[in-house]
């Protein structure tokens, strides 16, 4: 599992500091160097299409590192295993 989280960190995509919910749109906007409003609008349009937009957002929130490179899923799994990050 460590290799998976290392690969995710290596992508250079982090959840953004401008958060409404989890910071996913802010992180994508920062990586693409566009205004976060454009990414939020694109995501809202994506939500209008039939498909798993909500699931994609939750998955991104779980596996994208925050500004301190902490991954929510990794922290959760470490706590469940009794390890501290």
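The values are calculated or read from the model by the stated rules, or taken from the named source; none is laboratory data. Just so it is clear, the structure is predicted and the values come from calculations on it, not from any experiment. Here Cβ is always computed from backbone atoms with ideal geometry, including for glycine, and neighbour counts include all displayed protein chains.
Tabulated values for the structure
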{"item": "Qualifying residue in the range 22-35 (condition: at pLDDT 85 or above, under 26 Å from residue 1 (Cα atoms), in a loop (DSSP other than H, G, I, E, B) and touching a helix residue (DSSP H, G or I) at 6+ places or on another chain (Cβ under 7 Å))", "result": "no"}
{"item": "Some residue of the range 40-54 being surrounded by fewer than 12 Cβ atoms within 10 Å (Cβ to Cβ), within 14 Å of the chain's Cα centre (by Cα) and assigned to a loop (DSSP other than H, G, I, E, B)", "result": "no"}
{"item": "Qualifying residue in the range 70-77 (condition: in a loop (DSSP other than H, G, I, E, B) and surrounded by 16 or more Cβ atoms within 10 Å (Cβ to Cβ))", "result": "yes"}
{"item": "Extreme residue, farthest from the chain's Cα centre (by Cα), among residues of the range 65-85 that are under 15 Å from residue 12 (Cβ atoms) and at pLDDT 85 or above", "result": "71"}
